[in-house]
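> Pasting in a structure now, in structure tokens, and then I'll have a few things to ask.
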Amino acid sequence: MGTTSTDTMSAPETEGAVEQRGIEPVPDHERHGRVRELFPTWVAANISVLLLTMGASLVITNGLNFWQVLIVAAIASVVSFGMVGVLSVSGKWGGAPGAMLSRAAFGVRGNYFPGAILWVARFGWETINAVSGAYAVLTVLKLLFGIEANNVLTVITLLLFVATTFLVSGMGRKALNVCNKYSTYLFSVFSIMVLVYLIAEMPWGKIFSQSAGSTALMIAGIGTIAAGGISWVPTGPDFARYLPHSASGKKIVGTTISGAALVLVPMVLMGGIMAVSKPDLANQNTDPMSFLGSVLPTWLAVPYLLTALVGMLLINSLSMYSAGFTAQTMGVKLPRAMAVSINAIISLVGGAFMMLVAKDFIGQFITFLTLLAVSFSAWIGVYAVDMARRRKMAVRYDGDSLMNVSRTSRYWYAGGFCWQALTAWAAALVVGLCLTKVTWFTGPLAETWPGKHGLGWAATIVIAAVVFAVLPKPKETVPAGAAAPAEEPAPVG
């Protein structure tokens, strides 16, 4: 094996509480994961009160009725987390995080470009979640003790949230699995209680009498709701890398979709229902959590918020867990648990800015989601085509070459760059941004049909995939004398 990036390698996985393994592929003898473990992971990844606000915006801003909101939420969850599930299969193929497997598509040097975009986007996602968590704490303090938020209290709650997130994500996969499992049970109980309350108290005659919104705004709504799921696509392999080769690809996809949809669909729908009784729900620009105190009674709002707070903490922990791998892949010379600290610091600083300086939280959130979806979609299109090609290859992912950043790597291509993948990625990213319209940026193609319908992210995926597929197929370099691993026995599906 050639020169490897030994600075990012860690000790083998042990039975201890803190996961020691970094970006290096998991050997077969450590692959004891089970597909069903993915279910609570993707439930936890969607326990966010922001979904209520987004559901409300479908009614208030997009003018959709009950049935349209239900359809939008269902389609968005299947589309976005369907992609998460499909690309997660590559994790069991290569036993490595998505950011690491991406080297096989873009080249060991070329991977730095999309990797940097994904890393920056991950900073923003974690900052949004940290702010949401801090607002949840502030709302609970106000409901229980009448304590009004101030700058000092805001900073303290944000610091506590980020610090707790850092500790949980730093412990790794085993700790996250345990937390996800029990938070799923807890959140399910309180969600059922909220549903029962809404069924009993909401003005259903008014809800069902609402007129339907336009098809264009339904399509745009699907993109908005799906953006959150799309942001998890590159990290899907991170949670499937401990699965054995024999794990069913179909079960991985099905478990991922069902886990996400179990939370995403009812929460978006609940947000739409709440918006009928409180039309200003979607306009909580500075504090997206306080509305629960007026929609729900205190005895239900407080435990529900506390449960959701745990969920948002886990969302950020899952995100930071993957961000640690991205940081190592980008060359950060720290163990995975410590690499997470970079994202924690940025979340703290960015969160303080959003809470103390910026005023339009929800507007920034929707803008961020839109740009996030486009930036991730360019990577998805290239990675999906590369993965499809590897499905029938004898060597799907060469672990030694993934760790090898020298010219002896199988994924060196031309100077460490796969120009076909980078060309497709860059072209799709530019076109996707041209189709995008947000509060402070309007692309030159934003008034075209896909632009008006909020389909910039979908167009980005298609363009990246098509361009990469029609360009000359990249040829991997097999070092002289290298032994090719045996073909894996269980293809996708």
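> Can you name every residue in the stretch 399-453 that is of a type in the set (Gly, Ala, Ser), out of contact with any Asp or Glu (no Cβ under 9 Å at 6 or more places or on another chain) and in a loop (DSSP other than H, G, I, E, B)?
Listed by number, the residues that qualify are SER406, GLY415, GLY416, GLY443, ALA446.
> Test LEU118 against the stated conditions and say whether it is within 27 Å of VAL268 (Cα to Cα), in contact (Cβ under 8 Å) with a residue 40 or more places away in the chain, open to solvent by less than 30 Å² (accessible area, probe 1.4 Å) and not in a helix (DSSP H, G or I).
Judged against the criteria, LEU118 is not a match.
> Something else: Given the options PHE145, PHE113, PHE106, PHE123, name the one that is modelled with pLDDT under 80 and either farther than 23 Å from LEU318 by Cβ or surrounded by fewer than 23 Cβ atoms within 10 Å (Cβ to Cβ) (or both).
Step by step, each of PHE145, PHE113, PHE106, PHE123 is checked, and only PHE123 is modelled with pLDDT under 80 and either farther than 23 Å from LEU318 by Cβ or surrounded by fewer than 23 Cβ atoms within 10 Å (Cβ to Cβ) (or both).
> Next up: Here is a list: ALA45, ALA56, ALA74. Which entry is open to solvent by 30 Å² or more (accessible area, probe 1.4 Å), aliphatic (A, V, I, L, M) and more than 28 Å from GLY416 (Cα to Cα)?
After ruling out the rest, the residue left standing is ALA74.
> So, in the stretch 293-311, of the ones that are without any contact (Cβ under 8 Å) to a residue 24 or more places away in the chain and among the hydrophobic types (A, V, I, L, M, F, W, C), which residue ends up least open to solvent (accessible area, probe 1.4 Å)?
Ranking the qualifying residues of the stretch 293-311, first place goes to VAL295.
> Same structure again: Just to check your reading of the model, which residue among ALA373, ALA378, ALA394 is closer than 23 Å to ALA130 by Cα and at pLDDT 75 or above?
ALA373
> Of the conditions (1) part of a loop (DSSP other than H, G, I, E, B); (2) at pLDDT below 95, PRO472 satisfies every one except a single condition; which number is it?
(2)
> Under 6 Å between Cβ atoms, at least 6 apart or on separate chains: pull out the pairs that start in the stretch 419-434 with a residue that is within 8 Å of ALA464 (Cα to Cα) and end on any residue that is open to solvent by 30 Å² or more (accessible area, probe 1.4 Å) and part of a helix (DSSP H, G or I).
Qualifying pairs under 6 Å: ALA424/VAL467; ALA427/VAL467; ALA428/ILE463.
> Modelled with pLDDT of 80 or more and either within 30 Å of ILE230 (Cβ to Cβ) or open to solvent by less than 40 Å² (accessible area, probe 1.4 Å) (or both): does that describe LEU176?
Criteria not met by LEU176.
> Kindly indicate which of ILE315, ILE346, ILE362 is open to solvent by 10 Å² or more (accessible area, probe 1.4 Å), in contact with a helix residue (DSSP H, G or I) (Cβ under 7 Å, 6 or more places away or on another chain), assigned to a helix (DSSP H, G or I) and at pLDDT 70 or above.
One residue alone meets the criteria, ILE346.
> Restricting to the stretch 194-210, count the residues that are more than 27 Å from the chain's Cα centre (by Cα), in contact (Cβ under 8 Å) with a residue 40 or more places away in the chain and open to solvent by less than 90 Å² (accessible area, probe 1.4 Å).
Number of matching residues: 6.
The values are calculated or read from the model by the stated rules, or taken from the named source; none is laboratory data. Treat the numbers as computed from the prediction; the structure is a model and nothing was measured. In this analysis, Cβ positions are derived from the backbone assuming ideal geometry, glycine residues included, and neighbour counts consider all displayed protein chains. When the accessible area is computed, the model is the full protein with side chains, heavy atoms only, and any ligands, DNA or RNA have been set aside. Shrake-Rupley method; radii C 1.70, N 1.55, O 1.52, S 1.80 Å.
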